[in-house]
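The structure appears right after this line, and notes come after that.
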Protein chains: 2
Amino acid sequence: MAAKIDLIPDGSVTSAAGFFAGGTYAGLKTQGDGVLDLGILLSERSATLAATFSTNRILSPSVTVSRERAERGSARAVVANSGCANCCVGDQGREDAVEMAALAARHVGVDPEDVLVASTGMIGVELPMALIRQHVGNVELTAEGGHDFARSIMTTDSHKKDLAVSVELDGRRVTVGGAAKGVGMIHPNMATMLCFIATDATAEQDFLSTALSEAVDLSFNMIDVDGDQSTNDTVLVLANGAAGGPAIQPGTAAAADFQEALTYVCTELAKELVRDGEGAQRLIEVQVSGAASESDARVAAREIASSSLVKAAVHGRDPNWGRIMMALGKSGAQMDESRIKLFINGIQIVHDGKAIPYSIDAVVGAMGGSEVTFGVELDIGDASARAWGCDLTEEYVTFNSAYST
Amino acid sequence: MAAKIDLIPDGSVTSAAGFFAGGTYAGLKTQGDGVLDLGILLSERSATLAATFSTNRILSPSVTVSRERAERGSARAVVANSGCANCCVGDQGREDAVEMAALAARHVGVDPEDVLVASTGMIGVELPMALIRQHVGNVELTAEGGHDFARSIMTTDSHKKDLAVSVELDGRRVTVGGAAKGVGMIHPNMATMLCFIATDATAEQDFLSTALSEAVDLSFNMIDVDGDQSTNDTVLVLANGAAGGPAIQPGTAAAADFQEALTYVCTELAKELVRDGEGAQRLIEVQVSGAASESDARVAAREIASSSLVKAAVHGRDPNWGRIMMALGKSGAQMDESRIKLFINGIQIVHDGKAIPYSIDAVVGAMGGSEVTFGVELDIGDASARAWGCDLTEEYVTFNSAYST
C-alpha cells in the first residue's frame, strides 16, 4: 500500500461518514446461518454518482434502470438483492426493478428516482416481489451495517468481501469503503460481479467518473476467472462530501491521492474476487513490463491471466512456460521473441526467448503457495501492466457442470 | 453431404491422383504400436499452393519458413514431424526447419525451396536433427501412404484424422483428400492444429487461396476447444491438376462444386478435431440463424461454442440456457432480446426471450448423446452460421494440469 493510505480495521461501505447500510433475509436464497439476500446502502445526503455496467447485449433490467438513473450523476441509495438476476424475464423485469427501487425509497424516505437497483443470481427467473415487498422494511440501516450489506449481495461467494481505507486530502481525512461479490460469470447463473463504493470525499461528477474509470481499468478490467461476462455487472461509487472541504480538483495532489485510495480499494476487492473464484486454489498475478505501449502491456497481461492452459498449469504447479509464450504471442502485443524474459515468482526461467537452466524443484516449490506471480519482461519499451487470474481446477468443472439440474 | 459430393471409402491425402505420402518412426515421440512421427506428402508434379498460418506473434520457425515459401504459390512436398514444435528455441529453429526441408527434398528428389515444413509437439525443445537426418530416408512414399502420413502428424490425438471426397467438375471426377491433427492449444505444448489437403483439381493460385479462405472460415475458424491458439497452426492445400482439364474458373458451377467439396473436407476434419478434444465427451454444434449480418451470426455462434460455462453445462447435461443467453449477449452481435428463440437438439426452450414450459427430462435426455445442438434464432435478419465446440470436463483439467512435470 502506498504510504499515504491507511487501511481501516474491519472497514466496510459504512466506514465513510454519512453512509448507512443493512441487509435482511427475504427468502430469495436458501436459508442458513447469517444468510442475507436483500440490502440497502444509503447516503444521508445526495451523493455524486459514477458507475460502470456490463457491456453484454443481454442485460438485466436492474442494470438498465440503474444505468438510466446514473445519467443524473447523483443518487441517495442502492438496493441490491442476491438469489435472482432479474434477467431474461421479459417486460416484467423492468417493472420489478422499478418497484424494488420504489419499495426501498419509501422505506428510507427518499425519491424513488434517487435509488439504484442491482440484482444477482439465477437468470430466467422473475424476482419474487411478494417476498421483497414483505421484507424490505426489515432492512435496518445503521452506520455499522456495512458488513451486513456486503453479506446480502453474496451468491456462491465463500465469504463477504469488503474493506475501507482513509487518506488525507488537503488536511482532511477522507474515507473510501467498498463491498463486492462474485466475479463475472464464474458463479454461473448466479451471474455477476457487483461492487459498491462509498466515500465521504467531495467530488464533482466528471472527476468521479474519470477516477472510477481509471480505477476499474486497473482492477476489475484486469481480472479473469473464466472469460465470461455477466448480464448484471455493476460497479458504482457514491461520493457524499460528508468529510467536508471543497470538491477535489483534477490534476492536484489531492486528486492523485484520492485516485490512489480508490484504485487500492478496487484492486484489493478485484483480487479478492479472483482468489475466491470457483474451485480456485491459487491467485495468479501477471506482471508485464518493457512493453511498447500501455495497451500492449494490458492485453498481454490479460491474455496470459485468461488462458485456460496457463490456469490449468498453475493448478498442477507446472512451470509450463511454453503456454505463457503461446498466450503472450496470441495477445498480438508488439514483441521481439529474442528479447523476452520470463520469471516465475522471481525465478528467471527464460532469457532472450529461450529456456535457461533453472531448478525445476525450486520453481515447482514456489508455485505451491497461494499466489503465483508470472513476470514477463518484453524489453522493447517502458509500459507495464498487471492482471490477475486464478487456477483452473477439476472443482471448477464439477461445480459448473452440475449447477442447475 | 450435398448430392454431388461422394465420400471415398477409406480416403486419405493420397486418394487424389498424383500424390504420394508416407511416414516413419524417427524417435521423436515415445515408441509404440503403429507410432509414426515423421511424414512426407509429395505431388508428382508442381502443385498450386494455398496456405493459412497461425496469427500468434510467437511462431515456430517451421511456420515462418513455410509462410515465406508459400508466397511462391506452388510447391512439390511437405515434410512434417510430431513430438517437437520447433518453437522458442532461438536461431537454431530456423536452421533446423530449413535443414529438415532440405533433407526431405533430397530424399524425394525435388528442389528444397519446393518443400514446406510443419512441426507439432513440445515448445522450447530443439528438433533432434540427428534423428531426422538418420530416419528421413526411411519414409517410403506410395500412393497408399496417406494414412501413414496422417498417423505421423498425431500428437495426443486418440486416432488419425483423414478422409477424401470426389466431385464431378465439367465431366471430370476430381478428388479432394485431407489429413489433420490436434486442435489449437488443446494438446498443450503438443501445440497445434495442422491440416494438409491434396487435390488433383486444376486451379490457379488466386482461386485456390480464395477457396481455402472460405473453407477455413466455415470450418477451422469456427471451432473452439479452449480458446487458445498455437504457435504452429498450418492449413494448406496442394492442387496438382492430375485429374486433367482446364483451371477452375471463379464464378462457374465447377467452382461452386469444388468449393463445396473443399469446405466439406475442412468441416469434417474440423469437427473431428473438436470431437477428439482433450477430455471431450460431446460435440457441441451451435446454429445461429436470423442474424442481421453474417459476421454477427459468426461471432454469436463462436462465442457460445467457446464459453467455458456453456461447455461445462453440456458436460453435465444441464440445459442451462441462461449461460447461452449470457454468451450470446457477450458476443456483441445485434439482437432484440424479446425475439430470441433457443432450441436444444430441436426442442424449443426459450421463446421471445423467455423460458417456455418444456420437459426437463426430454432435454436432459437429448443432451446425453455424443452431439448436442444449440439452435439460436435471432429473428432480425437472414444471416446464419455454425460453430463447434466440445464439452469441458474434469479430464481436460486433470490432463492439462499434469502435463509436462
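Coordinate-derived values only; no laboratory data. All values reported here derive from a predicted model rather than from experimental measurement. Glycine also receives a Cβ, built like all others from the backbone with ideal geometry; neighbour counts cover every protein chain displayed.
Some points to look at:
- Each Lys and Arg Cβ is given +1 and each Asp and Glu Cβ -1; about its Cα centre, region A:283-401 then shows a dipole of about 120 debye.
- Amide H contacts under 5 Å for A:G121, placed H, 5+ residues apart: A:G83, A:C84, A:A85, A:A191
- Average Cα contact separation per residue, chain A, under 8 Å, 6 or more apart, as relative contact order %: 17
- If the segment from B:I356 to B:D33 were pulled out straight at 0.36 nm per residue, it would be longer than the present Cα-Cα gap by 111.0 nm.
- Residues of type aspartates and glutamates that A:K354 reaches as a straight line, Cα spacing below 20 Å, ignoring anything fewer than 8 places off in the same chain: A:D318, A:D336, A:E337, A:E377, A:D379, B:D91, B:E95, B:D96, B:E126
- Among the listed pairs A:K311/B:K311; A:K160/A:K181; A:K29/A:K181; A:K181/A:K311, those with a Cα-Cα distance over 19 Å are A:K181/A:K311.
- Shielding by partners, peptide A:341-352 (average Cβ within 10 angstrom, other chains): 0
- Share, in percent, of DSSP beta bridges within chain A that are antiparallel, nearest 5: 70
- Percent of beta bridges antiparallel (DSSP, the protein assembly as shown, rounded to nearest 5): 70
- When the protein assembly as shown is reduced to its Cα atoms, the Kirkwood hydrodynamic radius in Å: 28.1
- C-alpha long axis of helix B:92-108 to longest principal axis of chain B, angle in °: 70
- In chain B, the longest principal axis of the Cα atoms and the axis of helix B:294-306 are about 90 degrees apart.
- Karplus-derived 3J(HN,Hα) values for region A:362-368, using 6.51 cos²θ - 1.76 cosθ + 1.60 with θ = phi - 60°, are 5, 6, 4, x, 5, 7, x Hz; glycine and proline are entered as x.
- Only helical runs count toward this figure. For chain A, summing -39,500 (n - 2.57) over DSSP H runs of n ≥ 4 and dividing by all residues gives -9500 deg cm²/dmol at 222 nm.
- For region A:308-317, Karplus couplings with θ = phi - 60° (6.51, -1.76, 1.60), whole Hz, Gly/Pro x: 4, 6, 5, 4, 5, 5, 5, 4, x, 6
- Inter-copy separations for B:E168, label at 7 Å along Cα-Cβ, nm, ascending: 9.2
- Angle of helix B:253-275 to the longest C-alpha principal axis of chain B, folded into 0 to 90 degrees and rounded to 10: 80°.
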